[in-house]
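First up is the structure itself, then whatever we jot down about it.
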Amino acid sequence: MYREVPPRIDDAAAMEEQIIAWWRDRDVFRRSLAQRADAPRWVFYEGPPTANGSPGTHHIEARVFKDVFPRHRTMKGHLVPRQAGWDCHGLPVELAVEKELGFTGKQDIEAFGVAEFNEKCRESVLRHVDQFAALTERMGYWVDMDSAYWTMDPRYVESVWWSLKQIFDKGLLAQDHRVSPYCPRCGTGLSDHEIAQGYEDVVDPSVYVRFPVAGGDLADRFPGLALLVWTTTPWTLVSNVAVAAQPAATYQVVRTGDETLLLAAERVADVLGDADWEVLAEVPGAELEYLPYQAPFDLVSVADAHFVIDGDYVTTDDGTGLVHIAPAFGADDLAAARGYGLPMVNPVGADGTFAADVPLVGGLFFKKADEPLIADLDLRGLLFRHEPYEHAYPHCWRCHTPLIYYAQPSWFIRTTARKDDLLAQNEDTHWFPPTTQWGRYGDWLRNNIDWALSRDRFWGTPLPIWRCPADHLTAVGSLAELSRAAGRDLSGLDPHRPFVDDVTIPCPDCGDTATRVPEVIDCWYDSGAMPFAQYGYPHTGEAEFTENYPADFICEAIDQTRGWFYTLMAVGTLVFDRSSYRNVLCLGHILDEEGRKMSKHLGNVLDPMQLMAEHGADSVRWFMLASGSPWQARRVGHQAIAEVWRKVLATYWSTVAFQVLYARAAQWEAGELTASDHVMDRWALSRAHHTVAAVDDLLERFDSQGAGRELASFIDDLSNWYVRRSRRRFWDGDPAALSTLHECLRLLTLAMAPVTPFITERVWQDLFAADGPESVHLADWPTVADSARDPGLEEQMALVRRLVDLGRTARGEAAIGTRQPLAEALVAAPGWSDLGPDLRALVAEELNCHRVESLAGSGDGLVEVSVKPNFRSLGRRYGNRTPEVARIIAETDPEDLVARLRSAAAEAELPGDVRIGPDDVIVTETPREGWAVASQDGATVALDLHLTPELLRLGTARQAIRVVQDARKSSGFDVSDRITLRWDAADPEVARAWEEHGGLIAAEVLATAVARGPGAGPGFTDKDDTFRVWVARA
RNA sequence: GGGCCUAUAGCUCAGCCUGGUUAGAGCGCUUCCCUGAUAAGGAAGAGGUCGAUGGUUCAAGUCCAUCUAGGCCCA
C-alpha cells in the first residue's frame, strides 16, 4: 500500500532538503552513472564557471539546462559522464584579490611578492568554489564535484602546456605586436574590463589636415589635389603610414577657394559648411586604393608607405571618410596596415614620451606633442582646420593618466591560419538556436583574428616557452620535459609563477641559458583545453579522453560565443584537427523584472539560494526551462516562479495526494495495470503515453519549453478532467480507476523527473519505489506503448470538452446554474455522430441534462442553418477565385446546401462551375426558439430551458447535497465519516423535494439517517435560505 | 559603426518555420458557475491599429524589404 502523504506540500524547500540528504545517503547520482557503465556514451562538458565571486541567478539558469538533458539521456540508457570544473586563473580573480588587499596596481603586487599574491588568488578561488558547490547541490544539478577539474591543478597546467607545445611545433604560436590600451605611468596594459571603468570627458584638438596627393591619374587631372584627413590624435600623425578609405563609399574632388580637396561625398556639406564649393569629380572609394600622397611629417623615416588603402571599417558618419593610419596606435590600423605589408612606426617609448632623437617632439609626453605638431602643420600650410573636440577618452582608473593605444609585443596563436578549418568545423556543429551558427558565431569566425594569448600578469598558466639571449625558443610540454631540460627533478614543482620563472634551461640550440618568457596565458585557453586537460591528457587519462571526445552536448549563455564556445572549438581544431563538441545550446540572458540586466550596481540581483529557499528549486528549474524560450532573454521575478508551483507542481501533487487518499481507503495494492474499457481510462492512458512520447522528442531537440508545455497540459488534463470526472469511481475504490491513475502518474513522474527532480523523487518514494527502482533517477525512461495510444479518442474527448464549455456558456447566458438539471440538450458538431454512447453520456452528465440529442435529428424547421466558407480548403483549390467562390456560397440557400452536402453525394455544385465538399464550409446549426444556445467553430449546443416542477425539485435536491457537503467540510468531518442528517424547510415545494429525493441525498452525503426537524445549533442554510440542515457524526 | 536577437492584452509569454478571414494562454480586474483532492477548475466581460511603413498574395500577426525602439555581443 502507498505511504500516507500530506494533502499539500507547504514547504517545498524543506521537502527538497530531505531529498538532497536522501540522495547523498544512498549515493544515487553515482549509482545512476554506475548502472550505465557499459552503456553508449552521451558526453557532456561542463564549462567551468570562474570562481571569482558568489554565484548569481544566471548561474542557475545555465546549470538547469546542463542538468535536464543529461538526466533525460541517462534515463534513455546512455552513460552521461558529468565532471564539474572550476576556472581558477585570470584577471577577474586577480582583481578580486587586489581589491581585498587594497592594491592599486602591478607595483603593489610585485612589492607584496608574486608567490604570496598567487597564494591569495588560490585561496580566493577555493573560497568561492565552495559557494558554487553549495548552489549546485541545492538546485539538484548532478555533476561530479569530487573529481572536478581545476584549471590551476599542476596536472591540468601540464596538459595545457602540452597542447601549447603542439601548437608551437606547428608554427602557430608566435610573438607579434598587439595594440591595446596601455597606461604609460603604470607601465601596464589594461583589460577591457578596466577601461570601462575609466572613461573621462576631455577636450582634444580636432584637426583636418591636407595630405597632398603625390601622383597618379587624379594628381594629373587636379593639380594641387590633397586628401583631407581628420584626426583627434595629432600626435599619431608622426607615425602615419597610410590613409584608409571606405571602398563602398563615393568620394568627391571638391574645389573650394583656391584649393582642391578629396573627401567622402557624404561629408562634403558638413565639413565645408558655409564655404562656397564646387564638385569637380566623383570617385568610388575602391578606386582610390594605392593613391600615393605626401606624408604630413618627415620626422621619422618610413619606407614603402604613404598611399591610400581599403578600410572596410571606415565610416562616413563623421570626419572626412579618409582615416589616417598609424599601426602602432590603433588595432584597426595595425590590422589594416598588415594586409598591405606596411611597416609599424613607433617613436613613442614605454613611458609615453617620444624618443629623444625625434625632431620637434623628442622627449615630449605623447599628449603634449599635439601642440607643436599642429603649429608646424599650420606653418607648412597643411592645416585645414583646427577646433576643440570634447569626447570620452579612456583613462587609467588607478592614476587617471590618459591611456595610449599602443602596440606591444604579445604572443599570438595564428588562428587565422586555420580559419577555413574552423569554418568547416562550425559547419558540422549543431547550434540551438540554429541562427547562431552562421549569425553571431559564424560572423565572429569569418572575421577571425589571431588569438592574443599572452597576459602580462601573475595568476595564470605560465606560457611554457623558454628563450635564450640569442632568441632561440624552446616550448616545454610537461614538468617531466622541463626536468630533463633543466637536468634536475622538477616533477613536484608548482607550475605557476614565480616558481617556473626561476627554472632556467640550457638552450638546445646554442647551449646558452634560456629563461622562461614572463607572460601567463589567457585563462580562456585554459577552459578551451578542458576536454583533455581535465584528464591530464596525454600524461594521464588517455582512455578517459579518448572515450569522452568530443562532447555530444555543451550549453552556456550567449556571451560565450566569443568565449568558451570559441576557445573550445579553436583549441580542439588546433590540437586535434576537430572541434570539441557536436551540439551546443546557446541560452539567452536572465533579466530582472524590468527587463534590465542583473548587476550589483543596479541592486536588482536575485540571490539564487534565497530564490530556492523561498520557492523551491523545482519551481525555479521549471521556470528556467519552460517559461519562455531558452535562447531568448527572459525576465525573472518572484511572481512568475511562485506561479509555477501553484499552477503546475501543486496541481501535480494534489492529484498524487488524491490517488493516495482513495487507494489507501480502498486498501488498494498497486500491481499490473488493470485492463479497462472505460472511456476515461483509455483516454487518460492515451494522453499519458502521448505526453511521454512528446516530451521525449522535445527533450531530444533541446526544446525544454515545449516539454514543459506538454507536461503542464497533461497535469491539467489529469487533474481537472480525468480525476474530476472519475471521482465517484475513486470513492468506490474502483480498481480500474486506481490502476489507471497509478499508471498515469507513474508515466508522468518519469517524464517529469529530469525537469523537477525533487518532487518527482518524493512522489516516486511514496507511490512507486516499492515496485521499481529505489529512486526515480535510477529508473529507465518509460517505453511508449502504441497500443495504448488512441489519437482518435483524444480528438473525440477534445470535442466533448468543447461541447461542455459551450453548454456552460449557454447556461451562463440563461443564468441557470449547472446544478439545476435540464430535460434536454441538442448538439450539432462535426464528429458528434461518431461519439460513442459513453462519451455522449459524459456530455449529458457534465451539462446536467437528462437527454442529449443531435440537433440534426430534431426535426425540420426547428433548426436554423448557417454556412461559412472554409477559406483554408477553398483557397487551396480555387486560388484567386476564392473570394468569388465565398460569395457564391454566401448566396446559396444554406439549408439546401447542407442537405446536399449531407446526402450520399456529399458534394454540391454551385453556379459558376463551383463544386464544393463538406470540408469546404463550416456549418452552424441553431435552434429557432426557446433554447439557450452557444456556438463556436461550427459546433452548437442548445439547452432546453423549460423547467418542470419535477426538474426544479431535483435541482433543490442537488442544492441540498451541496449544502450538506459544505456542512460536513466545515464541521471537519472525514470524507468517509457517516452522518445523521436533519433538515427543515418552510416552502412546501422545497419540503417535497427533500422528501422525494431523501434517499438520493442520504446516499450522496453518507447519511445513515435523515429526518425533518431542527437539530442542535444554528445548522447550515443554502444561499437563499430556502432550507436549513444539521449534521452530526453517526 | 558592425553583427545577432526581440517587438502580439496592463504584465509574462504562445502562435510565425508550413499564410486562410471573430488572434490565444496564464497573472491581475469585474460578474457568474462548479467544488468529498486542489494554493484549484469553468463561463462571460473589460483589455489588441499583432512596433511603423511599403511590398508579395485571392488572403499577411505569419512571407519579403525598409525603418523605429529595446537588448546582447563586438568595435
**OP:** Inspect all residues belonging to the stretch A:988-1000 and state whether any of them is under 17 Å from A:Arg819 (Cα atoms), under 52 Å from the mean Cα position of the chain (by Cα) and within 12 Å of RNA strand B (Cβ to nearest atom).
**Re:** no
Subject >> the stretch A:705-728: number of residues that are modelled with pLDDT of 85 or more and under 17 Å from A:Lys66 (Cα atoms) >> reply: 2
Subject >> Residues of the stretch A:547-560 that turn out to be within 16 Å of RNA strand B (Cβ to nearest atom), touching a strand residue (DSSP E or B) at 6+ places or on another chain (Cβ under 7 Å) and part of a helix (DSSP H, G or I), as a count >> reply: 1
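Can you go through A:Arg418, A:Arg440 and tell me which one is within 16 Å of RNA strand B (Cβ to nearest atom), at negative phi and within 37 Å of the chain's Cα centre (by Cα)?
A:Arg440
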**OP:** Provide a single number: the residues in the stretch A:221-242 that are part of a strand (DSSP E or B) and either in contact with a His (Cβ under 6 Å, 6 or more places away or on another chain) or hydroxyl-bearing (Ser, Thr, Tyr) (or both).
**Re:** 2
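Just checking, which of A:Ile19, A:Ile60 is among the β-branched types (Val, Ile, Thr), at pLDDT 90 or above, surrounded by 21 or more Cβ atoms within 10 Å (Cβ to Cβ) and assigned to a helix (DSSP H, G or I)?
Exactly one residue qualifies, and that residue is A:Ile19.
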**OP:** Residue by residue through the stretch A:671-682, note down the ones that are more than 15 Å from RNA strand B (Cβ to nearest atom) and surrounded by 20 or more Cβ atoms within 10 Å (Cβ to Cβ).
**Re:** A:Val679, A:Asp681
**OP:** Just one of (1) more than 26 Å from A:His89 (Cβ to Cβ); (2) outside any loop (DSSP other than H, G, I, E, B); (3) touching a residue at least 12 places away in the same chain (Cβ under 8 Å); (4) of a type outside the set (A, V, I, L, M) trips up A:Pro469, so point out which.
**Re:** (2)
Original post:
Among the residues of the stretch A:723-740, is any surrounded by 24 or more Cβ atoms within 10 Å (Cβ to Cβ), among the small types (Gly, Ala, Ser), more than 11 Å from RNA strand B (Cβ to nearest atom) and over 21 Å from A:Ala770 (Cβ atoms)?
Top reply: no
**OP:** Output the qualifying pairs, or none if there are none: Cβ atoms under 8 angstrom, residues six or more apart or on different chains, first residue in the stretch A:857-872 and assigned to a helix (DSSP H, G or I), second residue modelled with pLDDT of 65 or more.
**Re:** A:Ser858/A:Leu826; A:Ser858/A:Pro927; A:Phe871/A:Thr882; A:Phe871/A:Ala886
**OP:** Name the single residue, out of those in the stretch A:561-586 being aromatic (Phe, Trp, Tyr) and more than 16 Å from RNA strand B (Cβ to nearest atom), that is farthest from A:Tyr537 (Cα to Cα).
**Re:** A:Tyr581
**OP:** Only one of these is within 41 Å of the chain's Cα centre (by Cα) and surrounded by fewer than 19 Cβ atoms within 10 Å (Cβ to Cβ): A:Glu371, A:Glu387, A:Glu427. Name it.
**Re:** A:Glu427
Original post:
Tally time: how many residues in the stretch A:833-852 are without any contact (Cβ under 8 Å) to a residue 40 or more places away in the chain, closer than 13 Å to A:Met797 by Cα and surrounded by 14 or more Cβ atoms within 10 Å (Cβ to Cβ)?
Top reply: 2
Subject >> Residue check, A:Ile922 touching a Lys or Arg at 6+ places or on another chain (Cβ under 8 Å), in contact (Cβ under 8 Å) with a residue 12 or more places away in the chain, over 30 Å from A:Ala957 (Cα atoms) and not small (Gly, Ala, Ser) >> reply: yes
Original post:
What are the pairs, 6+ residues apart or on separate chains, where a residue within the stretch A:875-888 that is near RNA strand B (Cβ under 7 Å from one of its atoms) has its Cβ under 9 Å from a residue that is among the small types (Gly, Ala, Ser)?
Top reply: A:Thr882/A:Gly875
Original post:
Which numbered condition trips up A:Tyr549, out of (1) farther than 21 Å from A:Val80 by Cβ; (2) more than 19 Å from the chain's Cα centre (by Cα)?
Top reply: (1)
Original post:
Which members of the stretch A:229-276 meet the condition of being under 43 Å from the mean Cα position of the chain (by Cα) and of a type in the set (A, V, I, L, M)?
Top reply: A:Ala244, A:Ala245, A:Ala248, A:Ala249
Original post:
From the list A:His72, A:His78, A:His89, A:His59, which residue is of a type outside the set (Val, Ile, Thr), in contact (Cβ under 8 Å) with a residue 24 or more places away in the chain and touching a strand residue (DSSP E or B) at 6+ places or on another chain (Cβ under 7 Å)?
Top reply: A:His78
Subject >> When residues of the stretch A:997-1034 are limited to those that are touching a helix residue (DSSP H, G or I) at 6+ places or on another chain (Cβ under 6 Å) and of a type in the set (Asp, Glu), the one modelled with the highest pLDDT >> reply: A:Glu1004
Subject >> Among the candidates A:Arg811, A:Arg746, residue that is under 30 Å from A:Ser935 (Cβ atoms), of a type in the set (Lys, Arg) and either in contact (Cβ under 8 Å) with a residue 24 or more places away in the chain or surrounded by 23 or more Cβ atoms within 10 Å (Cβ to Cβ) (or both) >> reply: A:Arg811
Subject >> When residues of the stretch A:802-815 are limited to those that are in contact with a helix residue (DSSP H, G or I) (Cβ under 7 Å, 6 or more places away or on another chain) and of a type outside the set (Val, Ile, Thr), the one farthest from A:Leu835 (Cα to Cα) >> reply: A:Gly807
Subject >> Residue check for A:Thr691: assigned to a helix (DSSP H, G or I), closer than 23 Å to A:Ala785 by Cβ and of a type in the set (Ser, Thr, Tyr) >> reply: yes
Subject >> Residue ID - farthest from A:Trp524 (Cα to Cα), chosen from residues in the stretch A:1-53 that are hydrophobic (A, V, I, L, M, F, W, C) and within 16 Å of RNA strand B (Cβ to nearest atom) >> reply: A:Val5
Subject >> Qualifying positions in the stretch A:311-326 - within 9 Å of RNA strand B (Cβ to nearest atom) and under 23 Å from A:Phe366 (Cβ atoms) >> reply: A:Asp318
Original post:
Hey, does the stretch A:646-661 have a residue that's over 24 Å from A:Trp622 (Cα atoms) and surrounded by fewer than 21 Cβ atoms within 10 Å (Cβ to Cβ)?
Top reply: yes
Subject >> Conditions (1) away from RNA strand B (no atom under 16 Å from the Cβ); (2) hydrophobic (A, V, I, L, M, F, W, C); (3) assigned to a helix (DSSP H, G or I): number failed by A:Ala904 >> reply: (3)
Subject >> Sole residue being in contact with a Ser or Thr (Cβ under 6 Å, 6 or more places away or on another chain) and outside any helix (DSSP H, G or I), chosen from A:Thr474, A:Thr515 >> reply: A:Thr515
**OP:** Quick one: which residue in A:Phe329, A:Phe366 is within 16 Å of RNA strand B (Cβ to nearest atom) and under 13 Å from A:Trp235 (Cβ atoms)?
**Re:** A:Phe329
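The values are calculated or read from the model by the stated rules, or taken from the named source; none is laboratory data. Owing to the predicted nature of the structure, the values given are computational and were not obtained by experimental measurement. Note: ideal-geometry Cβ built from the backbone for every residue, glycine included; neighbour counts use all protein chains shown.
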